[in-house]
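Below is one structure, written out as C-alpha cells; the observations come after it.
What follows is calculated from the coordinates using simple rules that are stated; it is not laboratory data. A quick note: this is a predicted structure, and the numbers were derived from the prediction, not measured. FYI the Cβ positions are ideal-geometry reconstructions off the backbone, even for glycines, and counts take in every protein chain you see.
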Amino acid sequence: MIKYFFKAVSVTAITISLTLVSAVSFAATDVRIMWYGDGDKENVPIQGQIDAFNAANSDINVILDIVPYDAIMNTLPIQLAAGEGPDIARVTDLGGLNKYYADITPHVANPQYYEDSFGPFLKWYRKSGDTSSIHGFHSTMTVTGPYVNKTLFEQAGVDLLGPGATWAEWADAANAVASKLDIPIPMAWDRSGHRVSGPAVSMGAQYFDANGDPKLVDDGLKAMTQMLYDWHQDGTMSKDLWGSVSGTKYHAPNDWWNAAEVVFMMSGSWQIGRFANEVGDDFDWWAVPAPCGPAACTGMPGGNALLAFTANDAVGRVMDYLSSKEQLGAFIGEVLAIPGHLDLPVDYQTDDANAKHALETFAGAVPTIDQVAFDLQAHVDNRIMFNAIISRLGQAIVGEMSLEEAWVKMDEDVEKQLKEKYGG
C-alpha cells in the first residue's frame, strides 16, 4: 500500500511537471499595439485584421489598445520616457519620438520590401545620420487641404473657384455664400499648427534659417497668421471654434461642418471616410485644390505610421503582416485613405461620388507639395514649431495678447524649448 502510494505520487508529480513545461514552452508572445483611429471606420477594420492574425498565429497574441488621439500625443511620450509603453504604436509625431524607436531590420522577412514600398517615409522616422534602420511603415499618408459645401455654393449661385485661386479669393467666395444663405460660419479650420503651416508656406514662410535650423517667424508666417487673425475679427471665422480650447489643444470643426453650418473647411484627406459616413447624402462636399499665396499652392504632407518600440521576431511578424500589400491595401480601401505605400493598387470600397472626387483631388495634390513643407514634416522638432504657432495665435485671436506680441512669443517658445531639449 505504501509502495503504491509513493508510485502514484511520483506519476502525478511527473504529469504536473510535464504540464508546466508544456505551458511554458507554448505560451504565446504578447505584442501590444497602441492605436488611435478616426472612429469605427478605422478601428473596426484594424481589429478584424488583428483577430485574423491571432487566429492564424497561435504563438503570438496581439493586443490592440484603442485610445483617443490625445493619448498618443500626450500619454505615450510619458510612458516611453519612463521605459514603459506598447511594443508598437500608431503615431503622427514621426520624428519627435525617434529616440524610442527600435530597429526591426533583423526581425522582418524582407527588409528590401520596406525600402521599396515606404522608402521616402522611412527617413522621417530615423535619427540624424541613420540611413538604414527600419522602424515600421506608413499606415496612411495624408495631405492637408480644404473642402467646400458644394450644395451651398450651388444654392447661393456662387461659382466654385479653380486651381490658382488665392486664400483671399476663397475667403471672399465663402463669405458671399454665407451672406446669401445666412450660414453662420463662412470658413472653419482645424485648430492645428500643422494645418496653418501649408498655407503659411504658400505665403512664403521658410521655417528654417540658412543653416537648416528652426526659425519660425518671418514675413510669410506673419502674412498667414495676420490673415487668420483678421478673419476671426471680421466674422469670416468664428471665435467660438478656436476659442473653445486653449494652449496646443487640437480642435476640429466637424460638428458644425456636418450640420451644414460651414461653407469652407480647412482640414485634410483623413476626413474623407468620416465625411462619407457622417455627412452621407445630406449635402455634396467637394475637396478643392490648395489655395495659393505668392510663393506656392501647397498643403502639408503627413500621415501616421505604425512604429516599433520593441524589436523581436514577434513584432517583426506583426509588422510584416500589417504592412503587406494584401492587408494594407484592404485597410486603405476600406477607410478611404491615400496610401503611403509606393506601389499599392487600391480598390476603394465606396460608390460615393464626393469621396471619389476627394481621393482624386488629394492624390493629385501630392506633386504640388512644396519642398519646404516636406522638409518641415520630416524635421524632428516640427512639433515645437507647430505648438508655438497655434498656442500663441490662439491667444491673440481671443484677445489675450496682440498679434505682434504673439509673433515674439512664438519665436521665444521655439528658442526656449530647443534650449531645454539640446542645451545651450
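Starting from the 7 Å offset along Cα-to-Cβ, what nm value, one decimal, do you get for the label separation of D51 and D30?
Modelled inter-label distance: 2.2 nm.
First select every other residue whose beta carbon is under 13 angstrom from the beta carbon of A353; then total the charges, Lys and Arg +1, Asp and Glu -1.
-3
Once you've got the Cα coordinates, tell me which of K239/K416; K127/K409; K127/K325; K123/K325 are over 23 Å apart.
K239/K416; K127/K409; K127/K325
Would you please state which residues of region 177-208 a label at D240 would reach in this model, taking the label point 7 Å out along Cα→Cβ and a backbone N cut-off of under 20 Å?
177-192
Decide, for region 189-334, between rounded, prolate and oblate: order the square roots of the alpha carbon gyration tensor eigenvalues as a ≥ b ≥ c, take rounded if a/c falls under 1.5, and otherwise choose prolate if a/b is larger than b/c, else oblate.
oblate
Could you compute the net charge surrounding T236? Neighbours are other residues with a C-beta less than 12 Å from the C-beta of T236; K and R count +1, D and E count -1.
For residues surrounding T236, the net value is -2.
Each label point is 7 Å from the Cα along the Cα-to-Cβ direction; what then is the distance between the points at D40 and K356, in nm?
For the pair D40/K356, the computed spacing is 2.6 nm.
Determine, for each peptide in 199-205, 265-271, 304-310, 84-90, the mean count of other beta carbons within 10 angstrom over its residues, then list the peptides with the highest first.
Result, highest mean Cβ count within 10 Å first: 199-205, 265-271, 304-310, 84-90.
Over the chain, what is the relative contact order in whole percent, taking alpha-carbon pairs under 8 Å and six or more residues apart?
That works out to 24 percent.
Taking 8 Å as the Cα distance limit and 6 or more residues as the minimum spacing, I'd like the relative contact order of region 202-333 as a percentage.
23
Show the residues, 5+ positions off or on another chain, whose built amide H is closer than 5 Å to the amide H of G268.
Those qualifying (amide H under 5 Å, at least 5 residues apart or on another chain) are G145.
Rounded to two decimal places and with Rh computed the Kirkwood way over Cα pairs, what is Rg over Rh for region 186-272?
1.01
Normalised by the number of residues in region 308-424, what is the relative contact order in percent for Cα pairs under 8 Å and 6+ residues apart?
Over region 308-424, the number comes to 14 percent.
Which FRET efficiency value, to the nearest 0.05, do you get for D281 and T166 by plugging their Cβ-Cβ distance into 1/(1 + (r/R0)^6) with R0 = 25 Å?
0.20
At R0 = 25 Å, how high is the FRET efficiency between A363 and E154 if r is their beta carbon distance? Nearest 0.05 is fine.
Plugging the Cβ-Cβ distance into 1/(1 + (r/R0)^6) gives 0.50.
Determine ³J(HN,Hα), in whole Hz, for all residues of region 58-74 in sequence, where each value follows from phi through the Karplus function 6.51 cos²θ - 1.76 cosθ + 1.60 and θ = phi - 60°; x replaces Gly and Pro.
Listing the rounded values in order: 5, 8, 10, 10, 8, 10, 9, 9, 8, 10, x, 4, 4, 5, 5, 7, 10 Hz.
Taking H as built 1.01 Å from N, whose amide H comes closer than 5 Å to the amide H of T166, not counting residues under 5 places away?
For T166, the qualifying residues are C292.
Within a Cβ distance under 12 Å of V335, other residues only, what is the Lys/Arg minus Asp/Glu net charge?
Neighbour charge sum, excluding V335 itself: -2.
Rounded to the nearest whole Å³, what is the per residue volume of the convex hull around the Cα atoms of the chain?
Expressed per residue, the convex hull around the Cα atoms of the chain is 180 Å³.
Mind running the shape call on region 299-400? Use the C-alpha gyration tensor, a ≥ b ≥ c as the square roots of the eigenvalues: rounded below 1.5 for a/c, prolate if a/b tops b/c, oblate otherwise.
oblate
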